[in-house]
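The structure under discussion appears below in the form of structure tokens.
The values are calculated or read from the model by the stated rules, or taken from the named source; none is laboratory data. Computed from a predicted structure; not experimentally measured. Ideal geometry is used to build each Cβ from the backbone, glycine not excepted, and the neighbour counts take in all protein chains shown.
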């Protein structure tokens with residue numbers, strides 16, 4: 001059997017290295033009872049002024065996860081947050097500069113905790129439902145990540161990452177209605193969450209609100225993690 005040396009192999013595949021890998025981060029937040037996403041305005045001539053996701057080319061010394069967390073940290077000042085890899089987008093002409101394959105991630109952050117690092121191309125939260133056109137193929141990426149999030153919150157309580165540590169049941173239902181884009185029955189919704197037994201009653205009430213103060217709760221992460229491990233057989 002003929003064995004090739006590495007130099008011969010490099011010559012054979014050199015054309016395949018004329019491409020770049022990037023990460024694009026769909027950073028979801030929740031504010032004013034709306035699901036929002038963090039966007040900038042594209043500074044490329046081809047997409048001047050159109051909203052764009054936060055992303056960057058993956059550096060030679062980075063893996064994909066490291067690159068995605070770098071983008072998140074550099075723009076929001078936050079680290080160690082919920083982030084999930086979704087899929088690759090590799091349309092041949094998706095980037096005007098050349099062949100760029102991007103890996104999409106989505107992250108869930110509490111808007112009140114984010115210290116946005118703005119630049120000339122602006123950085124703002126936008127309601128997901130109001131976004132209709134974006135630079136590159138970023139609308140497809142946003143839609144795909146949004147669909148993944150909708151599927152995820154039905155099976156797992158990831159939505160709590162978007163809420164403050166103390167929240168009311170009204171806040172919780174508003175969040176799920178915003179993510180799922182449906183109106184939920186109040187009684188059935190609360191019954192479902194109490195049945196899961198992941199809510200801790202803090203024996204506190206809301207303060208400085210115009211409506212009747214509601215009781216405050218927190219999510220029991222420890223109990224959920226133990227149950228999740230048990231379900232996985234650990």
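Values as computed for the structure displayed
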read-out	value
Condition check for residue 70: under 17 Å from residue 125 (Cβ atoms) and assigned by TED's automatic domain parsing to the domain that holds residue 128	no
Odd one out for residue 112, checked against (1) modelled with pLDDT under 90; (2) out of contact with any strand residue (DSSP E or B) (no Cβ under 7 Å at 6 or more places or on another chain); (3) part of a helix (DSSP H, G or I); (4) surrounded by 15 or more Cβ atoms within 10 Å (Cβ to Cβ)	(4)
Test for residue 96: is it in contact with a helix residue (DSSP H, G or I) (Cβ under 8 Å, 6 or more places away or on another chain) and outside any strand (DSSP E or B)	yes
Test result for residue 122, over 28 Å from residue 167 (Cβ atoms) and either modelled with pLDDT of 90 or more or surrounded by 15 or more Cβ atoms within 10 Å (Cβ to Cβ) (or both)	no
Some residue of segment 53-60 being within 13 Å of the chain's Cα centre (by Cα) and either assigned to a loop (DSSP other than H, G, I, E, B) or within 29 Å of residue 182 (Cα to Cα) (or both)	yes
Single match in 29, 55 (criterion: surrounded by 19 or more Cβ atoms within 10 Å (Cβ to Cβ), under 20 Å from residue 93 (Cα atoms) and modelled with pLDDT of 90 or more)	55
Filter pass, residue 105 being buried (at least 20 other Cβ atoms within 10 Å of the Cβ) and free of Cβ contacts under 8 Å to residues at least 60 places away in the same chain	no
Residue match in segment 178-197 (condition: surrounded by 18 or more Cβ atoms within 10 Å (Cβ to Cβ), in contact with a strand residue (DSSP E or B) (Cβ under 7 Å, 6 or more places away or on another chain) and assigned to a strand (DSSP E or B))	no
Selected residue (criterion: modelled with the lowest pLDDT) from residues of segment 205-232 that are surrounded by 12 or more Cβ atoms within 10 Å (Cβ to Cβ) and over 27 Å from the mean Cα position of the chain (by Cα)	206
Evaluation of residue 180 against (1) under 25 Å from the mean Cα position of the chain (by Cα); (2) farther than 18 Å from residue 31 by Cα (one fails), failing number	(2)
Members of segment 63-85 found to be closer than 14 Å to residue 22 by Cβ and assigned to a strand (DSSP E or B), listed by number	85
Evaluation of residue 146 against (1) at pLDDT below 95; (2) at negative phi (one fails), failing number	(1)
